[in-house]
Each structure stands twice: as structure tokens, then as C-alpha cells.
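What follows is a single structure, written as C-alpha cells, with notes after it.
The values are calculated or read from the model by the stated rules, or taken from the named source; none is laboratory data. Only a predicted model underlies this, so the values are computations on that prediction, with no experimental measurement involved. Virtual Cβ from ideal backbone geometry, glycine too; neighbours counted across all protein chains shown. Quick note on the areas: whole protein, heavy atoms, side chains included, nothing else; ligands and nucleic acids left out. Shrake-Rupley method; radii C 1.70, N 1.55, O 1.52, S 1.80 Å.
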Amino acid sequence: MKKILASLFLVLLIGVILFWFFLFGKNGRQWEIDQTSGLEKDENTESIIIDNELDSTQIQPESDQISNAEEKIEDGDDLVKDEKEEVTESTEITKDELNNLSIKNNLVSFGFQKFSGTRKIDTIVIHSSYNSLGGDQYSLEKIIAIYKDYGVAPHYIIDRAGVIYQLVKENDIAYHAGVSSVPDGRTDVNKFSIGIELVGNETDGYTKKQYEKLQELINKIKNEREIKYVLGHDEIAPERKTDPWVFDWNKISK
Ligand SMILES: [Zn+2]
């Protein structure tokens, strides 16, 4: 009996131990599998996410680059278009500037005769002036001081930077032409003309800006009046005058 109980206990013990092992082992394995599969899943998921992210980030920038490139191409087109537009715009601006040209008011009290009524103007006379009395040859102040000494003045003077100054109102008779005559034989040119001085000496020629602004000023005057002649001072007084010196008439359209 004691032997039977002992063997039963032993069997039970072995059974419990086996069961324990079975459970433990199975759980352990299960846990391991779960853990592994979990990790694997996580890794897979992560890697998928990462891959997706990588893919998406890799693709995104590429597509961005493509779209950027496309944008650049579009921009390029735009630039070309802009340039074209700018060209058109600048022509339009020039057209606008015919009536809205930037002119600095610098009216003087000498060198002209007040004209009552509306003066009939059909001639533009181009001159050039510089300061020959020492110091800055192109000093506007000094050039105007010389005009004052001589009691002369143009309607406009354009400095080296292309800034247009108005010295005399267009309707007033400025003393700029002196004894002279236009091709149709008329004398007293001051009476029917507008005088424009360019700041420049006998050798240097004129700046690009000066030619540009002179052209714009001529265009403006022509837009407002019936202009028959655009002449150099040397053309209306060839025996007395040589200005505008080294002036390139090809650079302006009369
Ligand atoms: Zn002159």
C-alpha cells in the first residue's frame, strides 16, 4: 500500500513536472513566437512604413524636382514671356512717357521773353553746352550760371545722367538760337522753336541716357505739337555755331 502510494505520488509528480514543462515550454515558445512574429510584424510594419516613407520621400522630392523642373521650365517660359511682356510694356511705358516724361522743374528768370497767347511751335533745336570756366565741365549749376551771364537759356537741358531739366516754359520764347534760319528760309527761329541743350563738350559725345531722354523729350513734344524740323544749332547757324558737338543723329529719330 505504501509502495502503491509512493508510485502514485511519483507518477503525479512526474505528470505535474511534465505538465509544468509542457505549459512553461509551450508558453515560452508561444511567447517567443509571438515576440518574434510581433517583432517581425513590427519590423515589417516599420520597414514598410520606412520604405513607404523612403519611397514617398524619395519619390516626393523627385516628383518635386520634376515639378520644380517643370516649374523652372514654366518659369523659363514665363521669363521669356516676361521679357516679351517687358519689351511690350517698355514700349507701352515709352508711349505713356510721351505724356508723362519725368522732367525736373528748374525755371530760370533770365534768357527768355514771356509770350502771351499760344505760341506756334514747329521746330526743335538741339544744342550742347559745357562749363569752360574751370572746375567740373559738366556741372549743371555752372553751365546755368554761364547762361545767366550771357542772358540766354534753352527750354530744356539734359545732364550726363539723362535728367531733363526745364529752364523755360515751352510757350515762352527762349533765347537759344540767335541769328539763324531754318531750311524753309524763316528767321527769328527762337519765336517758333523749342531749344534743347545736352550737357557735353566738344569731344566726349553723349551718354546713352542722354540720347534716350532726348528721344523721349522729342517724342513728347512731337506728340503735342506739329513739328516740322528737328535740327542742330549748327544747321540753323552754320557760320556761327558748331554745336551739338560730336552728336550722332543716327541715335535718334526725328
Ligand atoms: Zn547752341
* helices (runs of 4 or more DSSP H) contained entirely in segment 164-254, each with at least 3 residues that are more than 16 Å from the ligand (Cβ to nearest atom) and over 16 Å from residue 123 (Cβ atoms) -> 208-224
* **Matching option when the condition is closer than 13 Å to residue 244 by Cβ and open to solvent by 40 Å² or more (accessible area, probe 1.4 Å), among 202, 197** => 202
* To do: Return a yes/no flag: does segment 198-208 have any residue that is in contact with a Leu (Cβ under 6 Å, 6 or more places away or on another chain) and not acidic (Asp, Glu).
  => yes
* In segment 144-163, which residue that is within 12 Å of the ligand (Cβ to nearest atom) and in contact with a Gly (Cβ under 7 Å, 6 or more places away or on another chain) is nearest to residue 119 (Cα to Cα)? -> 154
* Asked: Which of the residues spanning segment 107-131 are of a type outside the set (A, V, I, L, M), surrounded by fewer than 19 Cβ atoms within 10 Å (Cβ to Cβ) and either in contact with a His (Cβ under 8 Å, 6 or more places away or on another chain) or touching a residue at least 24 places away in the same chain (Cβ under 8 Å) (or both)?
  -> 110, 113, 114, 115, 118, 119, 120, 122
